[in-house]
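Input: a single structure, listed below in structure tokens.
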Amino acid sequence: MITAEKLAIYRSYGGNVDLWQHAGSPKSDIISGADWAAIGALLQELAFYKGALASERYREHIRRRLAQVAADQETERQLLKMV
């Protein structure tokens with residue numbers, strides 16, 4: 001589950017997992033490498049969504065995925081703002 005707290009950590013490292021790991025993976029009790037990868041993958045999908053580069057069927061898939069992995073609507077809004 002992606003939370004606002006995980007997004008804050010992700011953003012604080014500019015989405016750069018290597019930088020986060022080089023810093024000793026701070027707050028790894030909150031965000032894991034798998035979370036990091038999930039956020040990055042979702043942001044890529046959302047870029048297709050917002051850029052109107054996806055078919056309507058794929059856009060619906062992305063919206064369902066966003067609703068499934070985001071902890072709440074505020075987290076969804078934050079993710080959409082990041083693209």
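Quick note: the coordinates plus some simple rules give every number you see, no bench work behind them. Because the structure is a prediction, the values reported are computed rather than measured. Cβ sites come from the backbone with ideal geometry, for glycine too, and all protein chains shown count toward neighbours.
Brief remarks on what is shown
- Dipole of the chain [Lys/Arg +1, Asp/Glu -1 at C-beta], most positive-end residue of Leu42, Ser25, Tyr10: Leu42
- With helices as the sole contributors, the chain gives -21000 deg cm²/dmol at 222 nm; each DSSP H run of n ≥ 4 counts as -39500 (n - 2.57), and the sum is divided by every residue.
- Value of relative contact order over the chain, rounded to a whole percent, pairs C-alpha under 8 Å and six or more apart: 46
- Stretch gain in nm, segment Leu53-Glu74, where the contour uses 0.36 nm per residue and the Cα spacing is subtracted: 5.1 nm
- Summing +1 for each Lys or Arg and -1 for each Asp or Glu among the other residues whose beta-carbon sits under 12 angstrom from that of Ala41 gives -1.
- Extension gain, Ala4 back to Arg65 (0.36 nm per residue minus Cα-Cα distance, nm): 20.3 nm
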